[in-house]
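Here is the structure we will look at, set down as structure tokens.
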Amino acid sequence: MVDLTGAQHGYFNLFVSYWNQRRSFIVLEQDVLPTQEQFASMPACGEPWCAGTHVLFDGAPEIWSLGLMKFLAALTKRHFEQAVSGSDEPEGAEMLAQVLGVDKSRCRVDFAFTPCSV
């Protein structure tokens, strides 16, 4: 658990920190309650990038977002350089920083990974 209260760019910085470790990690936001099946299957998911669906608010459709997502080390290692330098080489945090610009708030980080149709 990581408390990001009061940290304007804390979500972004935490995400980049985990990505820079080039290890597998799971994001589970405080307002997302995974189902029993998701809780059991997310750690076992062998895909490089795994997302669980959830409802953002009462009456909303079920979607996937950064609120429940797993990144395997194979993905973070392969995309590390793009994230750090913004290069076109297959690697993943400066690229995110460039996409987000100055505003690296939690919502902007989340929407960077959310499908445009949402």
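Could you check the simple spin-label distance between Glu62 and Asn20, using points 7 Å along Cα→Cβ, in nm with one decimal?
3.7 nm
Given R₀ = 25 Å, FRET efficiency for Ala7-Thr35 by Cβ-Cβ distance, to 0.05?
Approximately 0.30, to the nearest 0.05.
Quick query: amide H of Arg22 versus all other amide H atoms, modeled in the peptide plane; which residues come in under 5 Å with a sequence gap of 5 or more or a different chain?
The answer is none.
We did not get these values from a lab; they are worked out from the coordinates using the rules stated. Keep in mind that what you see is a predicted model, and the values were worked out from it rather than measured. Backbone-built Cβ (ideal geometry, glycine too); neighbour counts: all protein chains shown.
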